[in-house]
Structure formats: C-alpha cells, structure tokens
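Bear in mind that the values in this text are calculations on the coordinates, not laboratory data. This structure is a prediction, so every number in the text was calculated from the model and none was measured. All Cβ positions, even for glycine, are placed from backbone atoms using ideal geometry, and neighbour counts span all protein chains on display.
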Amino acid sequence: MRGAERSRSKNLSKDLAIRFAALSVTDCLTSITFLALPQTQMKIALVSPYDYPYPGGVTEHITALDEHFRALGHDTRIIAASSSDEDSLDEHIIKVSGAVASVPFSGSNARITIAPAVYRRVKQILRQEKFDVVHVHEPAVPMLSLVVLRHSHALNVGTFHAYREKNMLFDVAKQLLKRTFNRLDGRIFVSDAVRDYVTRYFPGPYKIIPNGIDCARFAAPNIAPIQRFADGRPNILYVGRMDKRKGFRYLMRAFPYIKQAVPDARLIVVGAFTDKDKAPFVRYARALHLRSVHFIGPVSREDLPRYYRTATIFCAPSIGFESFGIILLEAMAAGVPVIASDIAGYRCVLTHQQEGLLVPPQDEQAIARAAIELLRAPERRAQMSAAGRRKAAQYDWDIIARQVLAYYDELFAASDAARRCAPTTDQQRMARVRHLFARLARAYEVNQ
C-alpha cells in the first residue's frame, strides 16, 4: 500500500472510531455484530505444547493450519517451546522456552517444556499480541497449554488429538483440568475415538473436525518411485517410528510367512527411528535370513511421496493409542491399498474391504494372510486404490482449514449472542467494544 493510501486508510479508520464512539454501547455492539467480523482477517495463535518443529502429528497439523490460514489472509503466530535456535525459526513462530524434556505420554515419548519461566513469558506474549483467537492443541498437556488458557482473554479453542482407553492424568487432575477446560469457548476432536475418550471425563459441546493431508503432495501423477525398488517386485511399505504402540514387531513377525507365499516380496521400512531402535529387528531379519527387509530410516519431505508411489501395499500394524489414521490417508492419496489394525482411530478412516483390509491388532498371522491376499489380487488392489483416492480427497487440508475457520465464526456468533443476553458492567461492555473495533479497523486497512 502506498503512503498516501495508507494515510487515507488510517484517517478513515479514525472516522469510523468517532462514529462508533457516538453510539450507545448497545447500539455499537449491535452494529459491529451485523458486520460479521469473524469473516474478516483474524489474528490467530496456534499453540503447541510440544517441541516445535520436532517431527510429530500435532506439529504437522499446526504447520498445515498455519500455512492455509495465512494463505487465506489471516495473521497467525505459532506459540511453542523449541529446542531449535531461534534464528532458525520463521519470524511468526514465538519461542517461549528452549528447555524441552522428553516424558512418557499417550503410549509414546512427548517432548514438552516444564520450565517455570513459561508462565511470565506467556502473559507477556498474550498482552502484546492481542489475539482474536487462541487455538490450543492438546489443552490437557502440561504445561504450556494450561498456562495459555489460564491467561488468554481471546476466543479460546482447543483441539484434542490424543486417544487412550484410560488416562491417569484425567483421573488424578480432573478438577484442575475441568477449570482449565471451562475456559474453552470451543472444543474440536479429530475423531470419534478422541471424542468418546475425552467426553467420558469432560462432557460438553464439541465439534469433530478431522486431521487433514496435502492430497496433491501424494497424488500428483508425476511423482517418481524410488529407483532402486522400482524393479517390478511387490513392495510392502511401513512408515513410522518403532515405539511399542506402532506394532512394527508384528509386521516383522508376519514377513517370513509372506515370503513363503510370495517369495519376491520386499519390506521397506521408513520412519524417524535410530540405529538403536532398529537393532533388534535387524538381528531378527539376519537370524531368519530375511534379505528383503530394508531399513531406510528418516526420509525427506520430498522423498516420502516417492516411497508411497513405490509401494504395492501399505501396512499400519499399530496396537492402539492412535486417534486418527493420517498415514493411512497418505497411502490412500497415493493410491496404495492399506492393511491396518482394527482399532478405533483407524476405523474412522478406513472401511474394511473398500480402501483396504482391517486386521486384529497384535496378530502377525492375520497381517500375513491379508498381505498375501492383496499381493495375489492386482484387480482388487486397483479397486481399493481408486476407493482410497476418493476417500483421501475428502480430507484435503484446504477443506479442513476452512472447516476450522467456519467453526471460529460459529463460536464468535454464539459468543456475541450470549453477551447480548448476559448482564454485564459498562466497563466490560466498553472493553468488548474496543476489542471488536480493533478487529474492524484492522480488517478495513487490509481490505484497502
């Protein structure tokens, strides 16, 4: 915007301020309500309790929302602890602490901050930034999420990602968490499984908005397979860590049975695992003379779609604790039939006999039977491939991000209606007027 245009915009904003000041408090609130402010540019905080940008499902979810919100014209900040140097982070990422510890959580190890300095830092950030929306991911995870909700006066939204059949934290700290959750204006669950799990402890209204994927990234027709594995042999792909809950051991135990039935089958293992993590599986493969198991380890963002393109079938043998099947959707988007454990977080994504097969968890024999069945049936794989692509398209991030923004709008509308009905002091009303007008003025300047 040129200097003269910027000056005119500021003058017009001041003129609007004078006009609103001349109205009564009630008329001012009513006028602003009808302007449908949530449809304008919003300033949104996306809060992660985890080490950012250390790889993980919540980190990828927040990163995708951030990219799509910014592409749609919204002003975003990511608030998180980070073990990375501040200079290496994007300008809109606000690092609250560099003190990160690895603690057991939800069947895995979570990298979170428990630094007391976070308390004062969060108060300062919220006071300076004046967010319209504070969107906290994993509101129950200590301690950043809890501190942010304690001090935020914006529209507070929480997304619950994790799933467990039972949670000791919820049992022990239910009353404390209840006060924190009461500060949420809206609650999002990424799946029915997470909803059922959380609402057992904390019932109340909610919205189910699933995780998303970048369909084009995995479905593009020009993706080249990994050359060394593109030799016509059937490839079984595993993507993930080697935590106990991921169930890789059951796929490894199934592979000898698969080799007996399909001798040229190959197992490709991709994921963020270390030499120490893979060592027992390497020993197992050597003991059974399984020369067709390839431990690749971490791969780049650019290469991951190439591994999916190389796969004949994809296997996700998790034993539980999965809230949602992101990796299943990635495989589906790439057109790869899926074999997955029949657990709550995967059933919400994959329909048995359509995009793939569901098998009992912790059952290597069932995995082997399913793999052999699909490897011997190319026409059936083609049908599952087409069904998977159709299913994955429903979860594209562009669709999911707009659903989240629509939910913000819904919450703003409900909040405005409640405020008009509730008895409040003049001071509270004027504070709300000032906050709403600030959003109006900012939106007007952007539109100019």
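Convex hull volume per residue, computed on the Cα atoms of segment 367-417, equals 99 Å³. A simple rule links phi to the HN-Hα coupling: the Karplus curve 6.51 cos²θ - 1.76 cosθ + 1.60 with θ = phi - 60°, which for segment 180-188 gives 5, 5, 5, 7, 7, 7, x, 10, 10 Hz, with x for Gly and Pro. The packing ranking of peptides 43-51, 140-148, 265-273, 387-395, highest mean first, is 43-51, 140-148, 265-273, 387-395, where packing means the average number of other beta carbon atoms within 10 angstrom of each residue. Rounded, prolate or oblate: which fits segment 101-160 when a ≥ b ≥ c are the square roots of the eigenvalues of the alpha-carbon gyration tensor, with rounded for a/c under 1.5 and prolate only if a/b beats b/c? Note, shape of segment 101-160 comes out oblate. The simple spin-label model puts a point 7 Å past each Cα toward its Cβ; for GLN383 and ALA117 those points are separated by 6.1 nm. With a Cα cut-off of under 20 Å and a minimum spacing of 8 residues unless on different chains, the lysine pairs in segment 216-393 number 4. Rounded to the nearest whole Hz, the Karplus-based 3J(HN,Hα) values (6.51 cos²θ - 1.76 cosθ + 1.60, θ = phi - 60°) of segment 350-359 follow the sequence 10, 9, 4, 6, 10, 8, x, 10, 9, 10, with x at glycine and proline. Residues GLU91, GLU355, ranked from the fewest to the most other C-beta atoms within 10 Å, line up as GLU91, GLU355.
Classify segment 262-303 as rounded, prolate or oblate, taking a ≥ b ≥ c as the square roots of the eigenvalues of its Cα gyration tensor: rounded when a/c is under 1.5, otherwise prolate if a/b is larger than b/c and oblate if not. Here segment 262-303 falls in the oblate category. 3J(HN,Hα) along segment 236-246, derived from phi through the Karplus expression 6.51 cos²θ - 1.76 cosθ + 1.60 where θ = phi - 60°, amounts to 9, 10, 10, 10, x, 6, 10, 4, 4, 5, 6 Hz, with x in place of Gly and Pro.
Taken along its principal axes, the alpha carbon cloud of segment 144-281 reaches lengths of 59, 36, 27 Å, longest axis first. Pairwise Cα separations in segment 216-393 fall into 10 Å bins from 0 onward with the following percentages, short to long: 10, 42, 40, 8, 0. Remark: the Cα gyration tensor places segment 291-417 in the prolate category, a/c being 1.5 or greater and a/b exceeding b/c.
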